[in-house]
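What follows is a short report on a single structure.
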Amino acid sequence: MRTDTAQRILAYISEKREVTAKAIIDYLGISPQAVFKQLKTLVGRGLILKVGSPPKVFYSVKKTVHRLNGKTVNATLQKLIDQNYLIITPRGETLRGMAGFDYWCEKNHLSVAKTAREYVQTLKKYGVFKKRGLINGLLKLKQTFPTVYLDELYYLDFYSLERFGKTKLGALLLYAKQSQNKELIKEIYAIVKSRVERLIKNKNVDAVGFIPPTVSRKTQFQKEMERLLALGLPKIKIVKAMAGVAVPQKTLNKLADRIENASGSIFIDEDTVYQNILLIDDAVGSGATFNETARKIKEKGLCVGKIIGLSITGSFKGFEVLKEV
């Protein structure tokens, strides 16, 4: 496709602001195949934005983000931001690295250069809690519950950071669940796969259990993660059943209510005894579900070694309710 055709498409979209592929085809008078090929290229280059899914798809020119005050960020800071920053805008656009950071700074009227330094300092502050890709969350549980039944608890990342909001994994997790987006789930899988496998190997895990969801969705995050991870280990059958109305943990503000909810809705349909069991969940707020699941496994005598909890994300403070996930 010739460059002048691409420029004509860009000019037309700019003029009309939001257009369909059919309108572009009619305007140019060329084949649909040629138009769609060019549109795909323009989307890939970040020049236009595609919104919707067939048959309702609209194209618009992507807004250019300008760095505030004309300041740039040095290569070292930019590399760290590119590796760690991701934001999903209110219109549903995923912006990664410096593009997302620029957007957030501009929206909040902040200096990119100054805020970049502060962001990296915040990453370092929370990074001290992470050892070999894992954050030890057991102390938080011990500060929350009188009796802790998990032997070990780890997060792959915090859900959010002070001032800067959701971490990369936190943002991906939130929107993967809320939108039931399989591509986002695959991206999370690619990030966490090696760390999950390394933990299983290092802890001699011989069985795994996935904490089941309460909210019914066509695409369940935990089911997709279980399928993608394909860990090849015996699976502990953990069942979630409610007496009437399904009450998600995230709707409960009191710790006692969360414990009661988990205790009355989690059931272990298993008789096999294992050495070390790994329980996997998407997010830890209070930790009540993890703790009650471990209690029931131990009371049935199904683990003679350790019960280890692993969460994609977790809260930093002692009892912080994650209401979004």
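Each value in this text was obtained by applying a stated rule to the coordinates, not by laboratory testing. Please read all numbers here as calculations on a predicted model, not as lab measurements. All Cβ positions, even for glycine, are placed from backbone atoms using ideal geometry, and neighbour counts span all protein chains on display.
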With an 8 Å cut-off on Cα pairs and a minimum separation of 6 or more residues, tell me the relative contact order of the chain in percent.
15 percent
Links exceeding 31 Å between C-alpha atoms in this model, out of Lys186/Lys298; Lys201/Lys237; Lys177/Lys296; Lys254/Lys296; Lys223/Lys296, come to Lys186/Lys298
Built amide H within the under 5 Å cut-off of Leu279, gap 5+
Gly209, Ile308, Gly309, Leu310
Per 0.36 nm of contour for each residue apart, how much would the distance between Ala246 and Val273 grow if the chain were fully extended, relative to their Cα-Cα spacing?
6.7 nm
At Lys218 and Arg45, where each label point lies 7 Å from the Cα along Cα→Cβ, what is the point-to-point distance in nanometres?
3.5 nm
Calculate the spin-label point distance for Lys79 paired with Glu15, positioning each point 7 Å from the Cα along the beta-carbon direction, and give it in nanometres.
4.6 nm
Full-extension gain in nm, Ala34 to Lys142, via 0.36 nm per residue minus C-alpha separation
32.7 nm
Positive dipole terminus of segment 68-127, leading residue within Thr122, Trp104, Thr72 (C-beta point charges):
Thr122
Straight-line reach from Lys62: which aspartates and glutamates have Cα under 15 Å away, leaving out those fewer than 8 places along the same chain?
Glu15, Glu18, Glu93, Asp102
Taking every DSSP beta bridge with both residues inside segment 187-325, roughly what % is antiparallel (nearest 5)?
20 percent
Taking θ = phi - 60°, what integer Hz values does the Karplus form 6.51 cos²θ - 1.76 cosθ + 1.60 yield along segment 251-268, in sequence order, with x for Gly and Pro?
8, 9, 9, 8, 4, 4, 5, 5, 5, 4, 4, 5, 4, x, 10, 9, 10, 10
Normalised contact order of segment 1-137, rounded percent, pairs of Cα under 8 Å and 6 or more residues apart
17 percent
Taking the Cα centre of segment 68-127 as the origin, how large is its charge dipole in debye, to the nearest 20, when only Lys and Arg (+1) and Asp and Glu (-1) carry charge on their Cβ atoms?
180 debye
Take every DSSP beta bridge whose two residues both sit in the chain, then give the antiparallel share in percent to the nearest 5.
50 percent
Based on the Cβ-Cβ distance from Arg163 to Glu183, what FRET efficiency comes out when R0 is 25 Å, to the nearest 0.05?
0.30
Residue among Thr219, Thr167, Tyr149 farthest towards the positive dipole end of the chain, charges placed on Cβ
Thr167
Could you name the aspartates and glutamates whose alpha carbon sits less than 16 Å from that of Lys203, not counting residues in the same chain fewer than 8 places away?
Asp151, Glu152
Have a look at Arg227, Arg117, Arg96 and tell me which one the Gaussian network model of the chain (Cα, springs below 10 Å) gives the largest fluctuation.
Arg227
Per DSSP helix of 4 or more residues, -39500 (n - 2.57); summed, then divided by the residues of the chain. What does that give at 222 nm, rounded to the nearest 500?
-14000 deg cm²/dmol
Rg to Rh for segment 68-127: what is it, with Cα atoms only and Rh by Kirkwood?
0.95
Between Arg91 and Val57, what length comes free when the chain is fully extended (0.36 nm per residue of separation minus the Cα-Cα distance, one decimal in nm)?
10.8 nm
The chain - charge dipole about Cα centre, Lys and Arg +1 at Cβ, Asp and Glu -1, debye rounded to 20
840 debye
Taking the Cα of Arg195, stepping 7 Å toward and past its beta carbon, and measuring to each backbone N in segment 88-127: which are under 16 Å?
123-127
